[in-house]
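Every read-out reported here was derived from the displayed coordinates using simple, explicitly stated rules and does not represent laboratory data. From a predicted model like this one, the values you see are computed outputs, not experimental measurements. Backbone-built Cβ (ideal geometry, glycine too); neighbour counts: all protein chains shown.
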Amino acid sequence: MSLELRCTNEEKIPISVNPTTASGKPVNLDGPIIVTVTSGDGTVEMIDDRSFFVVSGEVLEPTTFLIEGDADLGAGIVTVADTIILTVEGALAKSLGLSAGPAVIK
């Protein structure tokens with residue numbers, strides 16, 4: 001099941017990976033996760049082996065991230081994967097940014 005998120009083109013969202021079994025019990029992975037941008041303008045900032053930021057791009061389009069880990073705790077590799085779809089919206093004005101010049105004679 002993919003995770004669908006929204007943010008502005010000025011934001012990033014922290015993500016934590018907490019693997020579980022089919023019945024919902026916590027379980028370990030063999031090694032760190034791998035996060036790849038498969039489409040879109042966003043990027044990834046890794047925090048540690050199980051957490052990262054999905055970072056919005058400047059282009060107002062969705063970015064798809066593929067997250068993969070090795071479920072086999074032995075010598076083999078059994079890939080478990082999921083996706084995140086990050087929809088990027090343009091940041092809105094929050095201030096008019098008023099400024100004044102020096103006073104002049106009227």
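Here are the numbers:
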quantity: Selected from 33, 13, 77 as most flexible by GNM, with the chain as the system and alpha-carbon contacts under 10 Å; calculated: 77
quantity: Those lysines that a straight Cα-Cα span of less than 22 Å connects to residue 94, excepting residues fewer than 8 apart in one chain; calculated: 12
quantity: Cα-based Kirkwood hydrodynamic radius, the chain, one decimal, Å; calculated: 16.2
quantity: Sequence-separation-based contact order of the range 13-106, relative, with Cα cut under 8 Å and 6+ spacing, percent; calculated: 24
quantity: GluC sites (Glu not before Pro) restricted to DSSP loop in the range 1-102 with at most 14 other C-beta within 10 Å; calculated: 10, 58
quantity: Charge dipole (the chain, unit charges on Cβ, about Cα centre) - positive-most of 26, 77, 100; calculated: 100
quantity: Residue exposure sequence - 78, 88 - by fewest surrounding Cβ within 10 Å; calculated: 78, 88
quantity: Share antiparallel - DSSP beta bridges, the chain, percent rounded to 5; calculated: 80
quantity: Whole-number D in µm²/s for the range 24-65 (Stokes-Einstein; Kirkwood sum over Cα pairs; 25 °C, 0.890 mPa s); calculated: 208
